[in-house]
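J.: Take this structure, written in C-alpha cells, and hold onto it; I'll ask about it next.
The values are calculated or read from the model by the stated rules, or taken from the named source; none is laboratory data. These numbers were taken from a predicted model, which means no experiment stands behind them. Using ideal geometry, Cβ is built from the backbone for each residue, glycine included, and neighbour counts are taken over all protein chains shown.
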Amino acid sequence: TTTEPEIRKGLAGVYADYTAVSKVNAETNSLLYRGYPVQELAANCSFEQVAYLLWHGELPTATQLEELQHVERSFRSLDPEIKQVIDILPTSAHPMDVLRTAVSAIGALDPHADDSSVESNLAKSVQLLAQIPAVVAYDQRRRHGLDIIEPNDELSYAENFLYVTFGEVPDKVVVDAFNVSLILYAEHSFNASTFTARVITSTLSDLYSAVVGGIGALKGPLHGGANEAVMHIFDEIGTADKAADWLAGALAEKRKIMGFGHRVYKNGDSRVPTMKASLDTLVEYYQRPDLAELYDNLEEAMTGGKNIKPNLDYPSGPAYHLMGFDTPTFTPLFVAARITGWTAHIMEQLAANSLIRPLSAYNGVDERHLER
Ligand code: SDX
C-alpha cells in the first residue's frame, strides 16, 4: 500500500521559501523589517522611509527620500478614467471591491503592465502607493455625497491621506497614530495575501494581477477584514458592561472573535503594544474612555475565556474609528500600507522565481469507466 501523504492543512508550519524582507519570530514575539525591529521604525520613521526600506533593503538617504517623495507626490491625483470606473459602482459596493476594481483598472490602463523589470515594478509600486489613498478617500467621500478633494503635495503621505479623506490635516497626535498604523501594517512575511501575491507572481503574471489577488485575500475576516469586523463586534456589544456576556454567548455559538488569535504568534502579536499605545493617545485626544473600557473588558474576557491574545487588527479598528474612517474603509487602509510589503515580495519572488504548485492527495471516487 502507498504510505498516506502528510497533509499540512492551511500550510500551517510549512516553510515555503526564504525571504529577506521581514522576520517574524513567534518565540521572541518580534518582527524585523530588513533587520530593523518594527517598534523602532514606528517610533522614529515616516511611512515613506519604511516603504523605501522594504523595497530597497536599506533606509533612504535624505536625497533618496526626497526623490521618492517627489515621485509619490506627483501621482496622488485620481486619474479621470479611474474616477469613471469607480462612478459606475454603486456607493453600496464594499470599499474593498471598489479598491480591487480600481487597481485592476489602473493595471489595465498601464501600457507597461507586463514589463516586469525591477525598474518598471518599482515605478508601479510607488504609483500604486500614491493612487490607493486617492481611491479610498474618494470612495468614502462619495458614500457621504461629498466631492473629491485634490491632493496637497506639501503634505506627507499620512497627512495627505487624512486631508483628502476629511478635508483637513488633523492634529499631530492623529497623524502620528495613522503613520504608526501604516508602518505596523506594512509587511508580515508569508501571510495569506502576500503568499497569494507570490503565487500569482510565480507564474510570471504581472504586478497588478498579483496585487489584485492580494486585495482579494486580504478582504476576508480571517485576515485583513478582521479590523472592520472588530468594529462591528464593538457596535454589537454596545457598552463595556455587556462585553463579558456578549463573549460568553459568542463563544458558546463557536464564533471566531475577530481581532484575536494568530497563525504564527501564539503568545501575542508583536505589533499590538505599539498600536495600543497609539490607540491610547487617540482615546485621550478624543475623550473616549468608554471605548477604552469596552476594548479592555473584551480583551480581559477573551484572555479569561480561551486565553487567545489580540492581533494587530484589534487596536487598529477602534483607532481608525476614532480618526473618522467608515468601518468598511478600515481594510482598504490595511491595503494602503501592505502594498509596500506585497510589492517587495513580488520583486523578491521574481528575482529567484520558481512556480509555486503544491501537491494534492486524492480522496475522491475510485477510477471508473463509461458504460459501453
Ligand atoms: C491578520 O498571517 C498574518 O501574518 C496575518 C496578519 C498580517 O499582518 O498579515 O497578521 C494580519 O490577518 C491577523 C489575523 C486577523 N484575523 C482575525 O482576527 C480572525 C480571528 N482569528 C482566528 O480566525 C484565528 O486566530 C486565525 C485565523 C487568525 C488563526 O487561526 P489558526 O492558526 O488557523 O488556528 P485555529 O483557527 O485552528 O485556532 C486554534 C484554536 C481553535 O480552537 P479549537 O477548534 O481547536 O477548539 O483556537 C481557536 C480555534 O477555534 N481560536 C479562536 C480564535 N482564534 C483561534 N476561537 C475564537 N476566536 C478566535 N479569534
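Rundown of residues vs (1) of a type in the set (Gly, Ala, Ser); (2) buried (at least 19 other Cβ atoms within 10 Å of the Cβ), yes/no style:
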| position | (1), (2) |
| --- | --- |
| 179 | no, yes |
| 203 | no, no |
| 231 | no, yes |
| 243 | yes, yes |
| 263 | no, no |
| 266 | no, no |
| 272 | no, yes |
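J.: Residue 152 fails exactly one of the following numbered conditions: (1) surrounded by 17 or more Cβ atoms within 10 Å (Cβ to Cβ); (2) in contact with a helix residue (DSSP H, G or I) (Cβ under 8 Å, 6 or more places away or on another chain). What is the number of that condition?
T.: (1)
J.: Can you tell me which residue among 313, 296 is within 22 Å of residue 40 (Cα to Cα) and in contact (Cβ under 8 Å) with a residue 40 or more places away in the chain?
T.: Values: 296 fails: within 22 Å of residue 40 (Cα to Cα).
Unique residue meeting the criteria: 313.
J.: Which residues, counting only those in region 13-58, are β-branched (Val, Ile, Thr), within 15 Å of the ligand (Cβ to nearest atom) and loosely packed, with under 14 Cβ neighbours inside 10 Å? Don't jump to the end; show me each part of the working.
T.: Narrowing region 13-58 to residues β-branched (Val, Ile, Thr): 14, 19, 21, 24, 28, 38, 50.
Filter once more, so that each one left must be within 15 Å of the ligand (Cβ to nearest atom): 14, 19, 21, 24, 38, 50.
Passing the criteria: only 14.
J.: Yes or no: region 191-207 includes at least one residue that is within 30 Å of residue 12 (Cβ to Cβ), within 16 Å of the ligand (Cβ to nearest atom) and in a loop (DSSP other than H, G, I, E, B).
T.: Among the residues of region 191-207, at least one is within 30 Å of residue 12 (Cβ to Cβ), within 16 Å of the ligand (Cβ to nearest atom) and in a loop (DSSP other than H, G, I, E, B), which makes the answer yes.
J.: Could you please find all residues in region 34-59 being within 19 Å of the chain's Cα centre (by Cα), part of a loop (DSSP other than H, G, I, E, B) and among the hydrophobic types (A, V, I, L, M, F, W, C)?
T.: Taking region 34-59 and keeping what is within 19 Å of the chain's Cα centre (by Cα), we get 34, 37-39, 41-42, 45-55.
Subsequent filtering for residues that are part of a loop (DSSP other than H, G, I, E, B) retains 34, 45-46.
Within region 34-59, just 45 meets the criteria.
J.: On to the next question. Within the set of pairs 6 or more residues apart or between chains, which connect a residue that is on the phi > 0 side of the Ramachandran plot inside region 21-40 to a residue that is at pLDDT below 95 and not polar (S, T, N, Q) with Cβ atoms less than 9 Å apart?
T.: Note: pairs meeting the criteria are 29/268.
J.: Could we say that residue 353 is surrounded by 12 or more Cβ atoms within 10 Å (Cβ to Cβ) and among the polar types (S, T, N, Q) here?
T.: Values: surrounded by 12 or more Cβ atoms within 10 Å (Cβ to Cβ): yes; among the polar types (S, T, N, Q): yes.
So residue 353 fits the description; yes.
J.: Can you give me the ranges of the helices (runs of 4 or more DSSP H) entirely in region 218-316 with at least 1 residues that are over 16 Å from the mean Cα position of the chain (by Cα), modelled with pLDDT of 95 or more and within 11 Å of the ligand (Cβ to nearest atom)? Lay out the reasoning, then the answer.
T.: Numbers: elements: 226-237, 243-252, 272-285, 289-305.
It comes to 226-237, 243-252, 289-305.
J.: To continue, here is another question. Within region 81-107, track down each residue that is part of a helix (DSSP H, G or I), over 14 Å from residue 136 (Cα atoms) and over 23 Å from the mean Cα position of the chain (by Cα).
T.: Selection gives 81, 84, 88.
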